[in-house]
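One structure below.
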Amino acid sequence: MLKQYTLFLVICISFSIIFLSTNTPFSYSVYDDENISYWHYSDAKWWSEGKISDVKFQKSLIVLLETHTDLSQNLSNEFSIPPWFSYTAKWFSENKISNDVYASAITYLYNENLLKISNSSIINTSLEYSSTDIPLIQTFEKNVDLFSASLLNKDVVLMNDGSTRYVDVQFDFIPENIKIYETLINTSNSVVIIPTFTFTAYTEPGFYTFYRGECDQEFHGKLFRDDDCLTVPINFDKPIDFTASTLGLNILHLLDYPFITDVDVDKNPEILLNYDKVIVLHNEYVTEKMFDAITSHPNIVYLYPNALYAEISVNYDDDTISLIRGHNYPEPTIRNGFDWIYDNSNLEYNIECVDWKFEPISNGHMLNCYPEYAMYSDELLLKTLNDL
């Protein structure tokens, strides 16, 4: 009875926190004790909406729990989590409860044996999510000592030629740079749009398989035809790799910028009106509703070139996207799918960002280079982004 009462009290307190923070979202900063990477936010969001499996979400919980409790105390052969926790995960992904409250709730559930973690999953996840500190590569006269960086085992890809490629890098604050961060951390009513649709378009087999003329071939035991490559399942993993703005995404999360996904915008275009500033990443593939919502907002920062380049449609019954127009489809002469007058796709190959500039346009500003490497090393760029 005491345990049930304690759990009831925790739930009541959580609801009180959420109610009090509805109009004033939590503001996280470098001084927060708990730093949770964006990939966990992504997993929490999609799991709460039933888009990723319990098994996948279990990995996120294991990584978080490993820093807070002894995972050998409640060994189990199964994974189970209270159904109501989906609400907590959703509120967490929407920044309605703090990192500390969320981590404490998970730790409490595990310690009280209300959350069961599979022992075999603990072992496998510990290997997959093992972290190694890495030096950042000097890029175009930027400050690579602005943040520390680490690499998870799961984010190292072995290429066919024997080389390795990093598809994601985790960042953290360096105590000596605290004064610098004070001018970089988000201080405005801003939001960042996560490029889930674009990440999906680049997932193989998909649109780029079609562009290369390689659709009529076998992928993982299934024969794909042209039409198959133009309608693909939405990839609900955390966006990774250069084309999905993964480094910029991780840095902006670290600097306390709130996030919504392009799925959120497509389903509810009016959501953008809640923010004074909207930051667009490499959102290359968007729906017509997204295009209209973004181009009609009064203050958009087009942080990456080649945004709003191709039109797609979304089928939420089977969670797929389909290419409609753009990128030389359905006619070779078609480039921008919306015939957008501010198309700046020619600038996406300028990755040095040495002479960067935010060019003013009718509804905001456009950066004149692809800033993926500058995002973790250019202090002035990050400060200017905060000030716009």
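A few notes on this one:
- Amide hydrogen proximity for Glu359: with H placed 1.01 Å from N in the peptide plane, the residues at 5 or more positions away or on another chain lying under 5 Å are Met366, Leu367, Asn368.
- Candidates Gly221, Gly364, Gly337: whichever shows maximal mean-square fluctuation once the chain is modelled as a Gaussian network with Cα springs under 10 Å: Gly221
- Annotation: amide H of Ile194 within the under-5 Å range of Ile260, Thr261, Asp262, sequence separation 5 or more or interchain, hydrogens built in the peptide plane.
- Around the Cα centre of the chain, unit charges on the Cβ atoms of Lys, Arg, Asp and Glu (plus for the first two, minus for the last two) sum to a dipole of about 800 debye.
- Normalised by 2.2 N^0.38 Å, with N the number of residues, the alpha-carbon radius of gyration of segment 190-387 equals 1.00.
- Distance violations [Cα-Cα > 27 Å] among Lys238/Lys289; Lys59/Lys179; Lys59/Lys289; Lys90/Lys179; Lys154/Lys222: Lys59/Lys179; Lys59/Lys289; Lys90/Lys179
- Cβ-defined net charge surrounding Glu66, 13 Å radius [Lys, Arg +1; Asp, Glu -1]: -1
- Residues whose placed amide H lies under 5 Å from that of Cys353, excluding near-sequence neighbours: Tyr370
- Among the chymotrypsin sites (Phe, Trp or Tyr not before Pro) in segment 310-388, those placed in a DSSP loop whose Cβ has at most 12 other Cβ atoms within 10 Å are Tyr316, Tyr349.
- The long axis of helix 119-128 is offset from the longest Cα principal axis of the chain by roughly 40 degrees.
- Our coupling estimate for segment 178-195, obtained by passing each phi through the Karplus curve with A = 6.51, B = -1.76, C = 1.60 and θ = phi - 60°, is 4, 4, 5, 4, 4, 8, 9, 5, 3, 10, 10, 7, 10, 8, 10, 9, 6, x Hz, Gly and Pro reported as x.
- Neighbourhood charge, 13 Å Cβ-Cβ cut-off, centred on Ser86 and excluding it, Lys, Arg +1 and Asp, Glu -1: -1
- Loop-located GluC sites (Glu not before Pro) in segment 49-90 (DSSP state not H, G, I, E or B) with no more than 12 neighbouring Cβ atoms inside 10 Å: Glu78.
- Taking the C-alpha atoms only, the angle from helix 99-111 to the longest principal axis of the chain is near 50 degrees.
- Highest GNM mean-square fluctuation among Lys116, Lys222, Lys238, for the chain modelled with Cα contacts below 10 Å: Lys222.
- Distance from segment 230-309 to segment 351-365 (C-alpha centre basis), Å: 17
- Using the Karplus relation 6.51 cos²θ - 1.76 cosθ + 1.60 with θ = phi - 60°, the per-residue 3J(HN,Hα) values for segment 250-256 come to 5, 5, 5, 5, 4, 8, 6 Hz, with x marking Gly and Pro.
- Dipole of the chain, positive end: most advanced residue of Asn95, Phe140, Leu388 [Cβ charges, Cα centre]: Asn95
- Highest-fluctuation residue, Pro195, Pro258, Pro135 considered, GNM on the chain with Cα pairs under 10 Å: Pro135
- Summed side-chain charge close to Val192 - residues other than Val192 whose Cβ falls under 14 Å, Lys, Arg +1, Asp, Glu -1: -2
- Degrees between helix 54-65 axis and first principal axis of the chain (Cα, 0 to 90, nearest 10): 70
- Cα convex hull of the chain - mean projected area over all directions, nm²: 20.7
Each reported figure results from applying straightforward, stated rules to the coordinates on display, with no laboratory input. In this text, all values refer to a predicted model and were calculated from it rather than measured experimentally. A quick note on method: Cβ atoms are made from the backbone with ideal geometry, for glycine too, and the neighbour counts reach across all protein chains shown.
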